[in-house]
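A short write-up of the structure that comes next.
The values are calculated or read from the model by the stated rules, or taken from the named source; none is laboratory data. The structure presented is a predicted model; accordingly, all values stated were derived computationally and were not measured. Ideal geometry is used to build each Cβ from the backbone, glycine not excepted, and the neighbour counts take in all protein chains shown. Please note that ligands, DNA and RNA were not included when accessible areas were found on the heavy atoms of the full protein model with its side chains. Shrake-Rupley method; radii C 1.70, N 1.55, O 1.52, S 1.80 Å.
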Amino acid sequence: MNAGNFSAAPGPVGVFDSGYGGLTILSEIRKVLPGYDYIYLGDNARAPYGSRSFDIVYEFTLEAVTELFRRGCHLVILACNTASAKALRNIQQLDLQRLDPERRVLGVIRPTVEAVGDITRNGHIGIFATPGTVASESYNIEIAKLHPEYAVSAHACPMWVPLVENRESDRPGADYFVRQDVDALMDTDSEIDTIVLGCTHYPLLYPKIRAAVPEGIEIVRQGDIVARSLVDYLRRHPEMERSLTRSGHTQYLTTENPDKFSSLATLFLGHAIEAERIEV
């Protein structure tokens, strides 16, 4: 047994989010790696994370990661920009050595930033994200590491997640908030040619965002990028690939009401699922 008393047997890929948004990441991962097993954990009872402090997001995220390790996951994806921004570095640098140095936790910000360099034409990048992700400046910091010459403008969209979770994303009322935030971002830098949707809920607003964003500007959704990055990661780390089970099964866990979770998850996945309530 390792320090965390976790099973050494192969297990599923863990996918964690504060709520529902990470389902957009899971959906894309399953498209490119359909044969693997997955456990999705949404901490819906304590969502949203976007307005919480760094310490609290780190605490909650570490609890969820530890729970996924207990359930056999050797690899966990933080499919949440806020958790990636506020907790990933500490977990990677401080906790994995104590819990189990052979396990890995990956986020969504780094692969997104790496992809942006291949997309932008002029180095003017816009970021739409939750207030917590914007306040963390994680995208600014990561982009500056790879491309210090780029100009980055981040704008917080506090209304976008509630619009999605209240099933308003395809209704006319959402247009006002989307247009308001798009205009605010473009006012900060009229040369922006690439916009990153830095929250996993935002793809459900994509048609309205696309309609509001000026033509010629690329809009980056994270799901496909993170999925392709995971494929590359497993290719480069065959020892991790061997630690994953393959029966094509996905288990859905939530810290909130499972019927409520299953109902709204259908909006993100496009098909019905059954969820189980747990405590972390």
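Kindly evaluate Gln222 against the criterion of being polar (S, T, N, Q) and out of contact with any helix residue (DSSP H, G or I) (no Cβ under 7 Å at 6 or more places or on another chain). Considered against the rule, which asks whether it is polar (S, T, N, Q) and out of contact with any helix residue (DSSP H, G or I) (no Cβ under 7 Å at 6 or more places or on another chain), Gln222 comes out as no. Against the list (1) in contact with a strand residue (DSSP E or B) (Cβ under 9 Å, 6 or more places away or on another chain); (2) surrounded by 15 or more Cβ atoms within 10 Å (Cβ to Cβ); (3) outside any loop (DSSP other than H, G, I, E, B), the condition Leu204 fails is (1). Scanning region 49-95 for residues that are touching a Gly at 6+ places or on another chain (Cβ under 7 Å), of a type in the set (Gly, Ala, Ser), in a loop (DSSP other than H, G, I, E, B) and crowded, with 24+ Cβ neighbours inside 10 Å returns Gly50, Ala79. Whether any residue in region 149-158 is open to solvent by 10 Å² or more (accessible area, probe 1.4 Å), closer than 25 Å to Ser262 by Cβ and either outside any loop (DSSP other than H, G, I, E, B) or touching a residue at least 24 places away in the same chain (Cβ under 8 Å) (or both) is what I want to check. No, the conditions are met nowhere in region 149-158. The residue pairs whose first member lies in region 31-45 and is open to solvent by 40 Å² or more (accessible area, probe 1.4 Å), whose second member is in a loop (DSSP other than H, G, I, E, B), and whose beta carbons are closer than 7 Å, counting only pairs six or more residues apart or on different chains, are Pro34/Gly248; Ala45/Thr255; Ala45/Glu256. Do we have any residue at all in region 184-195 that's open to solvent by 40 Å² or more (accessible area, probe 1.4 Å) and free of Cβ contacts under 8 Å to residues at least 12 places away in the same chain? Yes - at least one qualifying residue is present in region 184-195. Given the criteria closer than 28 Å to Leu75 by Cα and basic (Lys, Arg), does Lys145 qualify? Criteria met by Lys145.
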